[in-house]
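Before any comments, here is the structure.
The values are calculated or read from the model by the stated rules, or taken from the named source; none is laboratory data. The structure presented is a predicted model; accordingly, all values stated were derived computationally and were not measured. Ideal geometry is used to build each Cβ from the backbone, glycine not excepted, and the neighbour counts take in all protein chains shown.
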Amino acid sequence: MGRFAQDRQVFFFEEQIPTDHHLAYLEIHPFEGTTVKSVRPRIPHWWSEAERETALGKLLDELLALNDAIRPILWFYTPVMYSFARHVDASAIVYDCMDELANFKFAPPRLKETEAALIARADVVFTGGHSLYEVKAHLHDNIHPFPSSVDVSHFRTARDESVEPSDQKAIPGLKLGYYGVIDERLDLVLLAAVAKARPNLSFIFIGPVVKIAPEDLPKAANIHYLGQKHYSELPAYLSGWDAALMPFALNEATKFISPTKTPEYLAAGRPVVSTRVTDVVRHYGDLEGVFLADEPESFAAACDEALALKKAGDAWLTPVDEMLSGSSWDQTFSAMSVLVEEAVTRRLSPVKSPRKSRPHGSGKTNPSNYDYLIVGAGFAGSVLAERLASDGGKRVLVCDRRPHIAGNAYDVQNEDGILIHQYGPHIFHTNSEDVFNYLSRFTAWRPYEHRVLADVDGLRLPVPINVTTLNGLYGLDLHNEAEAARFLAGRAEPCDPIVTSKDVVVSQVGSDLYRTFFEGYTRKQWGLDPSQLDKSVTARVPTRTNADDRYFLDNFQAMPLHGYTKMFENMLDHDNITVMTSTEYADIRRDYQVGHTIFTGPIDEYFDYRFGRLPYRSLKFQHETHDTRRLLPVGVVNYPSESVPYTRITEYKHLTGQIHPKTSISYEFACADGDPYYPIPRPENQALYKQYEALAREHSDVTFVGRLGTYKYYNMDQVVGQALATYRRMTKADAGDVVTARAQ
Ligand code: FAD
Ligand code: UDP
């Protein structure tokens, strides 16, 4: 076992406090041969809760003083102890959540509240399994599942152990065993029935009986309770078993368990017969040596199969051993240790001041120095600047009217040091390997798969609509794709031809789902009814019949590891590139007689709105920071109802992966006036754009690129692809240094 965070003292808190003594004192037991001590506070049982808390707090202070503990790490296995430890100046607080304790029999009444307080203070949270992780994941920004590890070499000895302990050896016949706490988590009815159905088999139970009266345990000639045994004795007992058992009841107390005994039994070379506990099915269900059954008859049959497998040889152990090789305590320790170390570093290092966007621009540029003037430092402008400078060897001046680079993808640390997207959530996704590889020259990535929930009168349901959405909305129990497809087919209202955004949705899912998820959202977002918008708008959001709840299915889904702005800084960091932010094109166009202009702003603006204005939809953002680690279960929650003024709320830390005690969100309100964000896909707008496009063709000194320059509802990757293609075309045409203007 290693040490945590440069030998800081770690205080682990587990179990509840026994209130069975007349004095308050600490009972200290050193563990032989280790620096670990077990400490048990003893307090009188007649004290009030307040008196207990005060006394326990004092005892803890004494303990810390006794150990010269300066800013120790506090590591909680139970929230119960947090209430009297919260005053301690810790260098990190770890909540190692092993179970949903609130679901247990006789759980303390305020457990949920105390757990919420502990989670709010914890720097890092571990869960003892994946199911537990799934129910807790939305509560913390630094939470990690650690399913059971196993001391393989300890349990492996059971494979060749021949000295079976005498109390077990005396038991006749084939033996199936269980060890662990015997409490309400075991299915005693199942156990009694299986024992009755198989009188020739012996069922052995090792472990303390807790919270249930011994007389309530099933009794039969072939059921044997051997009591609690020491960890060191377990392999010897296991060596005498022909199969191992996990007859857990499937109830609230077992919903989130991830039994450590599963890998231990397997390491001992015993086939396992278990009920369908979620995490057992998930992690071990595919192994030949694991048999799953919930009913007495099938469980008994599973026992027979397990015994037959054991008899048949050891071939089934090869995949078992492969799996176990990845689950050692050493591996768990190293992974946890890194996270704890990071937590200590974060807590002890002073809060970083917000990273300011590097100022760009000065009056010192020489107007005759540039081959190209690029208007706009967003994706379109920056990619072209980079290509022209580094590949083409051209001198490039980039101007942007905004005080920063990166266009709409701009991200910045706010006053609390949280990285936010100033212009709403930008999630990078693409199927183009070329685009991904190109951008990878300027950034490392953080894998991120975007998930969105729609808030329908308080119900949070996945968008795009999938089988979970249907089950949640209509209280259904559709199990598979075929059932979901049949359900949707029964509601779909076919229409031909499909022209508008309303047609797309109604023809797939029918009017009710259309109204619930699309009508209001689209009206708010676009200021138009879906029947007035091109089909391409809502077609961006597919309908699924499976349970995949990812917003995008692209091959590459990731966020720039240090943010978009940093990636743009790297892209534009070239001797041949000068960037002038806070600079209007109109203010400098006459000063710079460059050979060619690349315009990534609105094309109608460039031509002084000669044919009239192209309509764009704008947005207003309300950014807020809250003093909590997590507000939303996923990165974005949509509000499709017209009675809610905003369209969606984004919590940025989901996207960026940042760990911070606070969290920042933004509300999006769509509006007609303001910065142009969205071209509005409608036939009449397209016709107007075509006029501008034709005009652009007559101007050989300018090229239009990007979402505004080519009036296309493009994602970032599409703009990058478009800019790269534009560059390729320019270099071809550039053979004699003549560039042909061409709108896309
Ligand atoms: P822009 O980023 O708009 O850059 C154009 C720049 O030109 C601007 O900075 C502007 O200030 C400047 N400019 C314009 N006119 C002038 C002028 N006359 N003088 C000087 N400067 C000028 N895409 C995705 O792939 N995934 C997403 O999750 C995603 N989410 C989005 C969310 C929102 C709220 C919005 C609005 C867009 C989103 N997008 C997303 C789309 C993405 O923002 C665009 O595809 C991309 O930013 C377009 O890049 P661009 O260079 O064409 O335009
Ligand atoms: N849309 C909707 N309800 C939703 C999500 C999307 O009606 O819950 C419609 C809406 O018209 C939206 C369009 O689908 O503008 C495209 O959604 P997307 O998430 O692609 O929009 P963007 O990220 O570009 O704002």
| remark: Scanning segment 651-707 for residues that are in contact with a helix residue (DSSP H, G or I) (Cβ under 6 Å, 6 or more places away or on another chain) and of a type in the set (Gly, Ala, Ser), the one nearest to Tyr639 (Cα to Cα) turns out to be Ala670
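Residues being without any contact (Cβ under 8 Å) to a residue 40 or more places away in the chain and surrounded by fewer than 18 Cβ atoms within 10 Å (Cβ to Cβ): count how many of those fall in segment 452-467. Step through it out loud before you land on a result.
Here is the first cut: in segment 452-467, the ones without any contact (Cβ under 8 Å) to a residue 40 or more places away in the chain are 458-459, 461.
With the extra rule that they be surrounded by fewer than 18 Cβ atoms within 10 Å (Cβ to Cβ), the set shrinks to 458-459.
So the answer is 2.
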| task | Scan (1) closer than 19 Å to Tyr178 by Cα; (2) exposed (fewer than 15 other Cβ atoms within 10 Å of the Cβ); (3) not acidic (Asp, Glu) for the single condition Ala293 breaks and write down its number. | result | (2)
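Could you look through segment 395-420, keep only residues that are outside any loop (DSSP other than H, G, I, E, B) and either surrounded by fewer than 19 Cβ atoms within 10 Å (Cβ to Cβ) or near ligand 1 (Cβ under 8 Å from one of its atoms) (or both), and pick out the one that is farthest from the chain's Cα centre (by Cα)? Walk me through it before giving the result.
First, pick out the residues of segment 395-420 that are outside any loop (DSSP other than H, G, I, E, B): 396-399, 407-409, 411-413, 419-420.
Of the ones still in play, those that are also either surrounded by fewer than 19 Cβ atoms within 10 Å (Cβ to Cβ) or near ligand 1 (Cβ under 8 Å from one of its atoms) (or both) are 399, 407-409, 412.
On the way: Cys399: 37, Gly407: 27, Asn408: 25, Ala409: 22, Val412: 22 Å.
The extreme case among them is Cys399.
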| task | Would you tally the residues in segment 423-447 being within 28 Å of Pro676 (Cα to Cα) and surrounded by 15 or more Cβ atoms within 10 Å (Cβ to Cβ)? | result | 15
| request: Can you give me the number of residues within segment 367-394 that are more than 29 Å from Pro676 (Cα to Cα) and buried (at least 24 other Cβ atoms within 10 Å of the Cβ)? | output: 0
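In segment 627-643, which residues are closer than 12 Å to Thr663 by Cβ and more than 20 Å from the chain's Cα centre (by Cα)? I'd like the intermediate steps shown before the answer.
As a first pass, look at segment 627-643 and keep what is closer than 12 Å to Thr663 by Cβ: 627-632, 635.
Passing the criteria: only Asp627.
Given the options Ala547, Ala539, name the one that is of a type in the set (A, V, I, L, M) and either at pLDDT below 95 or near ligand 2 (Cβ under 9 Å from one of its atoms) (or both). If you could, list the steps in order and put the result at the bottom.
Working: Ala547 fails: either at pLDDT below 95 or near ligand 2 (Cβ under 9 Å from one of its atoms) (or both).
Only one candidate passes the filter, namely Ala539.
Here is a yes/no grid of residues against (1) within 16 Å of ligand 2 (Cβ to nearest atom); (2) more than 29 Å from the chain's Cα centre (by Cα):
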| site | (1), (2) |
| --- | --- |
| Leu459 | yes, no |
| Ala489 | no, yes |
| Ala492 | no, yes |
| Cys495 | no, yes |
| Asp503 | yes, yes |
| Val506 | yes, yes |
| Ser531 | yes, yes |
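Restrict the check to segment 423-441 and report whether at least one residue is over 21 Å from the mean Cα position of the chain (by Cα), within 20 Å of Val579 (Cβ to Cβ), outside any loop (DSSP other than H, G, I, E, B) and of a type in the set (Val, Ile, Thr).
At the first step, the residues of segment 423-441 found to be over 21 Å from the mean Cα position of the chain (by Cα) are 423, 431-441.
From what is left, the residues that are within 20 Å of Val579 (Cβ to Cβ) are 423, 438-439, 441.
If we keep only those that are outside any loop (DSSP other than H, G, I, E, B) as well, we get 438-439.
Restricting the remaining residues to those that are of a type in the set (Val, Ile, Thr) gives none.
Looking for residues that are over 21 Å from the mean Cα position of the chain (by Cα), within 20 Å of Val579 (Cβ to Cβ), outside any loop (DSSP other than H, G, I, E, B) and of a type in the set (Val, Ile, Thr), one finds none in segment 423-441, hence no.
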| query | Which one of Arg707, Arg682 is among the charged types (D, E, K, R), in contact with a Phe, Trp or Tyr (Cβ under 7 Å, 6 or more places away or on another chain) and within 16 Å of ligand 2 (Cβ to nearest atom)? | reply | Arg707
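So that you can scan it fast, the table gives a plain yes or no per residue for (1) touching a Gly at 6+ places or on another chain (Cβ under 9 Å); (2) basic (Lys, Arg):
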residue	(1), (2)
Glu297	no, no
Ala301	no, no
Ala306	yes, no
Lys311	no, yes
Thr318	no, no
Ser325	no, no
Ser328	no, no
Leu339	no, no
Val344	no, no
| query | Does Tyr474 satisfy the condition of being within 16 Å of ligand 1 (Cβ to nearest atom) and over 22 Å from Thr538 (Cα atoms)? | reply | no
| task | Restrict the check to segment 498-515 and report whether at least one residue is surrounded by 15 or more Cβ atoms within 10 Å (Cβ to Cβ), within 16 Å of ligand 1 (Cβ to nearest atom) and of a type outside the set (A, V, I, L, M, F, W, C). | result | no
| query | When you scan segment 448-526 for helices (runs of 4 or more DSSP H) that lie fully inside it, which ones turn up with 3 or more residues that are closer than 23 Å to Val644 by Cα? | reply | 467-474, 501-514, 520-526
| said: Let me spell it out: the conditions are (1) buried (at least 21 other Cβ atoms within 10 Å of the Cβ); (2) under 23 Å from the mean Cα position of the chain (by Cα), and Asp548 meets all of them except one. Which number is the exception? | reply: (1)
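Among the residues in segment 559-570, are any within 11 Å of ligand 1 (Cβ to nearest atom) and exposed (fewer than 15 other Cβ atoms within 10 Å of the Cβ)? Break it down stepwise before answering.
To start, the set of residues in segment 559-570 that are within 11 Å of ligand 1 (Cβ to nearest atom) comprises 559, 564, 568.
With exposed (fewer than 15 other Cβ atoms within 10 Å of the Cβ) added as a condition, the list becomes none.
No, segment 559-570 has no match at all.
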| remark: If we ask which residues in segment 294-326 are closer than 24 Å to Glu134 by Cβ and not in a helix (DSSP H, G or I), their number turns out to be 2
| field | Selection count, segment 512-529, where residues are within 20 Å of Cys671 (Cα to Cα), touching a Lys or Arg at 6+ places or on another chain (Cβ under 9 Å) and more than 7 Å from ligand 2 (Cβ to nearest atom) | value | 4
| query | Does segment 346-365 include one or more residues that are more than 16 Å from ligand 2 (Cβ to nearest atom), modelled with pLDDT of 95 or more and in contact with a Gly (Cβ under 6 Å, 6 or more places away or on another chain)? | reply | no
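Given the structure, is Leu453 touching a Pro at 6+ places or on another chain (Cβ under 8 Å), hydrophobic (A, V, I, L, M, F, W, C) and within 16 Å of ligand 2 (Cβ to nearest atom)?
Numbers: touching a Pro at 6+ places or on another chain (Cβ under 8 Å): yes; hydrophobic (A, V, I, L, M, F, W, C): yes; within 16 Å of ligand 2 (Cβ to nearest atom): yes.
Spelling it out, Leu453 is indeed touching a Pro at 6+ places or on another chain (Cβ under 8 Å), hydrophobic (A, V, I, L, M, F, W, C) and within 16 Å of ligand 2 (Cβ to nearest atom).
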| Wholly within segment 72-190, which helices (runs of 4 or more DSSP H) include no fewer than the required count, namely at least 3 residues that are over 23 Å from His626 (Cβ atoms)? | 130-136, 152-156, 166-169
| request: For Ala116, indicate whether it is surrounded by fewer than 16 Cβ atoms within 10 Å (Cβ to Cβ) and under 25 Å from the mean Cα position of the chain (by Cα). | output: yes
| Pairs, please: C-beta under 7 Å, at least 6 apart or cross-chain, first residue under 19 Å from Arg589 (Cα atoms) and acidic (Asp, Glu) and in segment 692-714, second assigned to a loop (DSSP other than H, G, I, E, B) and more than 16 Å from ligand 2 (Cβ to nearest atom)? | Asp701/Ala741
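Residue under question is Val383, and the condition is that it be over 30 Å from Lys653 (Cα atoms), of a type in the set (Val, Ile, Thr) and away from ligand 2 (no atom under 16 Å from the Cβ); does it hold?
Values: over 30 Å from Lys653 (Cα atoms): no; of a type in the set (Val, Ile, Thr): yes; away from ligand 2 (no atom under 16 Å from the Cβ): yes.
No; evaluated as a whole, the condition is false for this residue.
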| task | Please tell me if Tyr370 is touching a helix residue (DSSP H, G or I) at 6+ places or on another chain (Cβ under 7 Å) and aromatic (Phe, Trp, Tyr). | result | no
